Structures are given as structure tokens and as C-alpha cells.
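The values are calculated or read from the model by the stated rules, or taken from the named source; none is laboratory data. Values in this document were obtained by computation on a predicted structure and should not be read as measured data. FYI the Cβ positions are ideal-geometry reconstructions off the backbone, even for glycines, and counts take in every protein chain you see. To get the accessible areas, we keep the full protein, side chains included, count just its heavy atoms, and leave off ligands, DNA and RNA. Shrake-Rupley method; radii C 1.70, N 1.55, O 1.52, S 1.80 Å.
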Amino acid sequence: MKQMEEMGSLQMKRLRISKKIITAVCGLFAMGIIALGGCARTDPDMDIEYTEQEELDKSADLITVGFSQLGAESDWRSANTDSMLEAFTEANGYSLVYKNGQQKQANQITAIRTFIQQEVDYIVLAPATESGWETVLGEAREAGIPVILVDRRVNASDKNLYSCWVGSDFELEGKKMAAWIKAYTEKKGIEPDEVNIVNIQGNIGSTAQIGRSRGLANAARDNGWNLRAEVSGDFTETKGREVMAALLKRFDDVNVVYCENDNMAIGAIDAIEAAGKKAGPDISAGEIMVVSFDGVNKEALSFAREGRISCIAECNPMHGPRVRALIESLISGEEPDKFNYVEEKLFSSLPEVESVTVDGEVYEVESDF
Ligand code: AHR
């Protein structure tokens, strides 16, 4: 009996999703909606009739998406959340359930379990850190709900726990930044063993931190730079300020600060200036060069125009339309690429480095931003 009930509810769920899919496909061909009007009422392939109540229930025609965002630690994160909210509107055929994880994986796991109970059609996860997702993603799979990862990744060995991922190549961002530091210091005649770097890292265990830290650590080893310290500033301005103030007390020869996001760079510059030093590219004159990642925060961009931040590696947060396109291709029965990388630039107002080459690819440095 219980088995029959389970089978019945699974079948109902499939029918409900099929109806939404049919409606969404109709939405994609909105210009022809009147001609296709019948398909909002019946599924000709499955010979299903829908009740009047269902016809009236507007939300039944929407694709439901549960989005577990990791938090609101930075301007990048806010822009990313906004992009998702703008992409998954009712006008676009979606009903979005948004949950802010407040930087806690436990909250994100609870959110995913809630989405499963709510029987959403798709789950989008922006994971705080890479590990610890197997169990809950397994539960989503059991429930037949596809999961799309956005921004950071999970390190589950079973890649079938999620449909696909879209985001940045964080290690490439780190490599590009390291290539810029190398080119700039060489142009200025600064010897590798005179380059004393501290890395203010993002939250430990996140894909953005792992990739950017790896990009720098490998370049420091290969180029003979002194990587004096790596300390997490949790991607926040407050922590960036605190960490930088402490590092300035520990080391008196730091001349490059590699901040794994713009918010931490703003905090670090505050600490540098509060200590009576100058943030700028003229290392030989005693300035401390600050470089960072994102290119979203307006203040950071204006610091970059003034040279207080010497270079920014772009990290593009506008993933809403990209995630929507992935969901729409799943709806149409296509199999999107598993890993979808976003192209990104380098921004610097300093004229010395016009481009960098990483792994045989040339990346122009944008000075007009
Ligand atoms: O995962 C992307 C990173 O997370 C951004 O660089 C940072 O600002 C954010 O908090």
C-alpha cells in the first residue's frame, strides 16, 4: 500500500514537472503563445487533463528554483545575489525560493533539505566551501531534483551529484595576477628576492581561496619571491583591515599585498594608511603595492584608477542569466557542459604592463575601466 502511495506521488510529481516544463518551453516561444495556448491546458503526449483550480493556480505554471546562497560577505556576493533574483522572476517563468546561508554550511544544508521537502524543480547551490556536500546532494538526487552549482564548487568524487557548474577559473585568476606582478616588478628592476608578499586569503576551503592561493604560492616558488604569510580575512573588509594591521606589526619589509578580494583590499589599505604608510605601486620608494580580485566594488575600482590598488583580476558575478540558460537547456532535454567557465579580464591603470601570458594564452590588461 505504502509502495503504491509512493509510486503515486512520484508519478504525480513527474506529471506536475512535465506540465511546468511544457509551459516553460511554451514561455521560451512566447511569440507563439496564443497559437500554442492549448498546451497550457493539456499534455498531448501524456493525455493529461488539468483541473480548473490548476489552471487558475498561476504558480503551478512556474518552474520553482530553490537558491541557496552562501552569504552576503562582499559586494561581489550582493551583485551575484541580485543577478540571480533578476534572472528568476515570475515574468521569466520562475518562482525563486532564496535562502541566505549566513556563511554557515549547516544553514545551506538545511536550506537544501527544505527545498527537497518543498519539491522544487531545480536546486541552485553557491557552496561556501568545497567539502561536506555528498550526503545532502545525494538526498536531492534521491528526490529526483537536479542541482546546479554556481560560483564555487564542491569536491565530491561523484560528479553525478550535480548536473553542472558555472563560475570563474579561480586558479587562472591567481596565475594572471602573479604574471602581472612578475611583469611589473621586472619592468621596475626589482629583484625577485626583494619581493616580499603577504596573502590575505578568502575563507579557507572555498574554491576562490584555494585557486587564488595556489596561483600565488606556485608563482612565488617558481619566481623566488618571499611569501611571508598567508592569513584569512574571510573576504570581508573588517577582517582585511584587522589582518593587515597585524601583518604590518609582524613584518617590516612587506611590499606586496595580495588580497583575495576587493573588500579585503579596501580594509588592508585603511590599515596601511593608518600605520603611516602609502599604498601604491612605487615599491622602490617604500610604497606597499596592493593587488586584488573582483572588480565589482566601485570604491575599489576608483582606488585602482588612482593606483592605490595596482591591479584587479576580474571575477564576474553576473551568473543569473547563465544559470537560467543552463536550466533552460536541461528543460529542453539537452545535456549542458559539466563545467562552464566565465571569461574575465585584468584591470590596471598603470601603463607598464599591457598584457600577460599564462599557459600560452595572452590576456590584455584593461586600463579604461
Ligand atoms: O567566490 C567568489 C568570491 O566570493 C569573490 O571573489 C568574493 O568577493 C566573494 O565573497
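Between D253 and K345, what is the spin-label point distance in nm, taking each point 7 Å from the Cα along the Cα→C-beta axis?
A separation of 3.8 nm, rounded to one decimal place.
From the square roots a ≥ b ≥ c of the eigenvalues of the alpha-carbon gyration tensor of the stretch 159-248, which class results: rounded (a/c under 1.5), prolate (a/b over b/c), or oblate?
Values: a/c = 2.62, a/b = 1.39, b/c = 1.88.
The shape class here is oblate.
Which aspartates and glutamates have a Cα less than 19 Å from the Cα of K278, not counting those fewer than 8 places away in the same chain?
The qualifying aspartates and glutamates are E194, E237, E242, D252, D253, D262, D270, E287, E299, E306.
Need the C-alpha centroid separation for the stretch 95-116 versus the stretch 212-290, integer Å.
Taking the Cα centre of the stretch 212-290 as reference, the centre of the stretch 95-116 is 34 Å away.
What is the Å³ per residue value for the convex hull set by the Cα atoms of the stretch 238-369?
With only Cα atoms used, the stretch 238-369 gives 147 Å³ per residue.
Given the Cα-Cα distance of F369 and E191 and 0.36 nm per residue of separation, how much length would full extension add, in nm?
Between F369 and E191, full extension yields an extra 61.1 nm.
Roll a 1.4 angstrom probe over the protein heavy atoms and tell me the percent of accessible area of the stretch 136-252 that is carbon or sulfur.
C and S fraction of accessible area: 45 percent.
For the stretch 51-155, just say rounded, prolate or oblate: build the C-alpha gyration tensor, square-root its eigenvalues into a ≥ b ≥ c, call rounded for a/c under 1.5, and beyond that prolate if a/b exceeds b/c, oblate if not.
It comes out oblate by the Cα gyration axes.
Please calculate how many Å² of accessible area the stretch 324-369 carries per residue, with a 1.4 Å probe and no DNA, RNA or ligand atoms counted. The partial results should precede the final answer.
Numbers: 2820 Å² over 46 residues.
I get 61 Å² per residue for the stretch 324-369.
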